[in-house]
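This report concerns only the one structure given below.
No value in this document is a laboratory result; all are computed from the given coordinates. Keep in mind it's a predicted model, so treat the numbers as computed, not measured. Note that each Cβ is placed from the backbone with ideal geometry, even for glycine, and that neighbours are counted across all protein chains shown.
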Amino acid sequence: MSIITGRGDSGETDLLFGKRISKTSLRIESLGCVDELNAALGVARASASNPEWVALIDALQEKLIGLMGQLATLPEDEARYSETKFPLIEQADVDWVVAKAHQYEARGIRFTGWARPGAEGSLARASVDFARSVARRAERSILALHESGEPVPQTVRLFFNKLADLLWILARVESE
């Protein structure tokens, strides 16, 4: 089957469980931001030479793919999504991101003022900074979706806040 189906020509797109929604909805905006974050992390991953970075970014991308499934599910289908055993962002994922941030902070990374992405001459670090800014946009989009009356689990909202912090710290790390 071709990826070009024509189903989106009317301005709607598919969600999980056969639901259709406008491409301009806040939910699709949030999904698009997360997709863009995943792509930005892909640039950082491809730019990195440190296997530790590559493994961390790979783990983050895997979590984002699961999170996109959550966002592609309307609130009335959340129980159905849970039954599928597809991945969910849970408190353990938030705790994992926080633990990774603390691990890198222990290397002496501290906030000393606004960052100037790319100033270090490292494409990998600049790419992580770019991914951080996309993570913040995704966070704002997800919060807007939640505030619109379409509930987004607190763990998903917290995940993005902590993820952007982790990415800021990671971009300050000397080896990439």
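Just need the relative contact order of the chain here, percent rounded to a whole number, with Cα pairs under 8 Å and 6+ apart. Write out the running numbers ahead of the final one.
On the way: 193 pairs, mean separation 51.4, N = 176.
Reported relative contact order: 29 percent.
Highest GNM mean-square fluctuation among GLU90, GLU120, GLU105, for the chain modelled with Cα contacts below 10 Å: GLU120. Mean-square fluctuations from a GNM of the chain, with a 10 angstrom spring cutoff on Cα atoms, peak among ALA126, ALA59, ALA72 at ALA59.
I need LYS85, LYS63 ordered by Cβ neighbour count within 10 Å, fewest first.
Working: LYS85 7, LYS63 19.
Ascending number of Cβ neighbours within 10 Å: LYS85, LYS63.
Listed from fewest to most Cβ neighbours within 10 Å, the set LEU60, LEU158, LEU143 follows the order LEU143, LEU158, LEU60. Magnitude of the charge dipole for segment 1-96, about its Cα centre and with charges confined to Cβ atoms of Lys, Arg (+1) and Asp, Glu (-1), is about 300 debye. When +1 charges are put on Lys and Arg Cβ atoms and -1 charges on Asp and Glu Cβ atoms, the dipole computed for segment 1-160 relative to its Cα centre reaches about 440 debye.
Between the listed residues ALA79, ALA99, GLY69, the Cα displaced farthest toward the positive end of the dipole of segment 25-172, a dipole computed from Cβ unit charges relative to the Cα centre, is found at ALA99.
Could you tell me how many degrees, from 0 to 90 and to the nearest 10, lie between the Cα long axis of helix 154-172 and the main elongation axis, the longest principal axis, of the Cα atoms of the chain? Rounded to the nearest ten degrees, it is 30. Among LEU88, LEU71, a tally of other beta-carbon atoms within 10 Å of each Cβ gives an order, fewest to most, of LEU88, LEU71. When volume of the Cα convex hull per residue in Å³ is computed from the coordinates, the matching label among (i) 112; (ii) 129; (iii) 140 is (iii). For segment 25-172, the residue among TRP168, LEU31, SER122 whose Cα projects farthest onto the positive side of the dipole built from Cβ charges is SER122.
For the chain, the tally of Lys pairs with Cα-Cα distances below 27 Å comes to 10, considering only residues 8 or more apart or on different chains.
Segment THR5..ILE65, full-extension length gain: 19.3 nm, with 0.36 nm per residue of separation and the alpha-carbon distance subtracted.
Model label points for LEU143 and LEU123, set 7 angstrom from Cα along the Cα-to-Cβ axis, are 3.4 nm apart.
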